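Worksheet: the structure to be examined is printed underneath.
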Amino acid sequence: MSEKAVRRARPTLMDVAKKAGVSRATASLVVRKSPLVSEDTRAAVQAAMADIGYVYNVGAARMRAARSRTIGLIIPNLSNTFFGELLAGIDEVIDAAGLATFIAHSGESPAKQDGFVNRMREHGVDGLIICPAAGTEPGFMAQLKDWGMPVGEVLRTVARGNVDYTGMDQSGGMDSAVSRLVELGHTHLGFVSGSLDHSARDERLGAFRSAVLRHNHVRTTEKIIDLTHAEAIMLAQRVAADPSAPTAWICHNDVVALGMHKGFCDAGLLPGRDVSLIGYDNVAEADLVRPGLASVATEPSEIGALAARQLLRRIDNSEAPPERITVPSHLVERGSMGPAPLVAEGLTRELARI
């Protein structure tokens with residue numbers, strides 16, 4: 001038999017599809033390791049491939065599809081363990097799909113972000129997931145769309161619904177945090193916000209203000225700091241010396257809350273007894289300090305996995321309308337929450353009389 005005849009006899013993807021009883025498009029998703037296929041269908045197609053001896057030609061497929069089997073991920077802060085959990089969720093899905101991830105750290109610099117986008121385009125990434133740096137202009141995402149780049153925003157948005165977005169529902173966890181503090185007798189609540197201008201900061205601060213409005217006779221104090229341990233420690237020490245300060249604090253993230261936890265302890269105030277403290281994101285370290293740090297869980301790993309699946313769908317279907325996905329948040333109570341000091345004193349006196 002001639003070499004030409006051998007080449008003609010090689011099984012095709014259509015042969016696989018017919019053998020497995022699926023469409024060619026479905027068979028293609030299986031050989032490209034897409035997560036969008038059920039396990040039963042995947043098993044049927046793989047069995048058909050083995051039965052007829054089909055071998056997926058990666059080189060030819062890449063030339064046909066002009067794809068690199070890579071995606072780009074640009075995030076603003078690698079030092080925050082929250083983003084590490086987000087990355088883990090993204091990588092699990094992307095790796096299972098047979099792609100690789102190029103990771104870049106913008107350091108909250110739109111200029112660095114632009115440079116990373118250009119380099120990733122030079123390397124031919126199939127799509128981008130971006131948590132926009134603070135100060136990113138709205139036209140940034142519009143430009144990516146004009147270039148035909150599949151793109152999704154995660155956690156923050158500048159496109160305001162014009163591209164895919166995956167993030168968290170800020171209101172559920174914040175409502176629970178404020179309501180629980182009010183139940184514990186706190187009537188003066190503090191909120192520590194970040195100094196950087198981005199949508200996540202605005203949404204979280206807005207959720208706090210909305211939650212407080214649901215309760216009568218609750219006063220608030222808002223502080224703005226750089227979101228670092230050092231700044232938070234100094235803030236807690238200043239607060240500890242102020243007798244008119246709030247008796248309970250909610251922080252923009254756990255980085256700040258952990259810093260305030262240390263600052264309060266250093267100043268002789270025990271979280272949960274002398275002051276109540278709630279963080280945001282529920283990173284692993286929240287359960288390592290004593291007393292444990294109460295925190296609003298925002299499920300970064302789940303958000304990352306959903307963002308990755310969303311981007312894979314966008315790569316496969318560039319004409320679909322933009323999609324917005326949000327993951328519910330919820331309060332995780334730990335020892336850093338307790339009754340307002342005056343309420344706690346009243347309970348102590350009452351118990352002493354019994």
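The values are calculated or read from the model by the stated rules, or taken from the named source; none is laboratory data. All of these numbers come straight from a predicted model, not from anything done at the bench. Cβ: placed from backbone, ideal geometry, glycine included. Neighbour counts: every protein chain shown.
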Options Asp202, Asp197: the member that is of a type outside the set (Ser, Thr, Tyr), in the same structural domain as Ala236 (by TED's automatic domain parsing) and in a helix (DSSP H, G or I): Asp202
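Given Gly21, Gly53, Gly89, which one is closer than 30 Å to His198 by Cβ, among the small types (Gly, Ala, Ser) and at pLDDT 75 or above? Give the derivation first.
Values: Gly21 fails: closer than 30 Å to His198 by Cβ; Gly53 fails: closer than 30 Å to His198 by Cβ.
Answer to the check: Gly89.
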Residues (acidic (Asp, Glu), farther than 10 Å from Gly335 by Cα and not in a loop (DSSP other than H, G, I, E, B)) located in region 256-309: Asp266, Asp281, Glu285, Glu302
Hey, Val212 in contact with a His (Cβ under 8 Å, 6 or more places away or on another chain) and crowded, with 16+ Cβ neighbours inside 10 Å or not: no
Residue check, Val283 surrounded by 23 or more Cβ atoms within 10 Å (Cβ to Cβ), in contact (Cβ under 8 Å) with a residue 40 or more places away in the chain and under 23 Å from Gly190 (Cβ atoms): yes
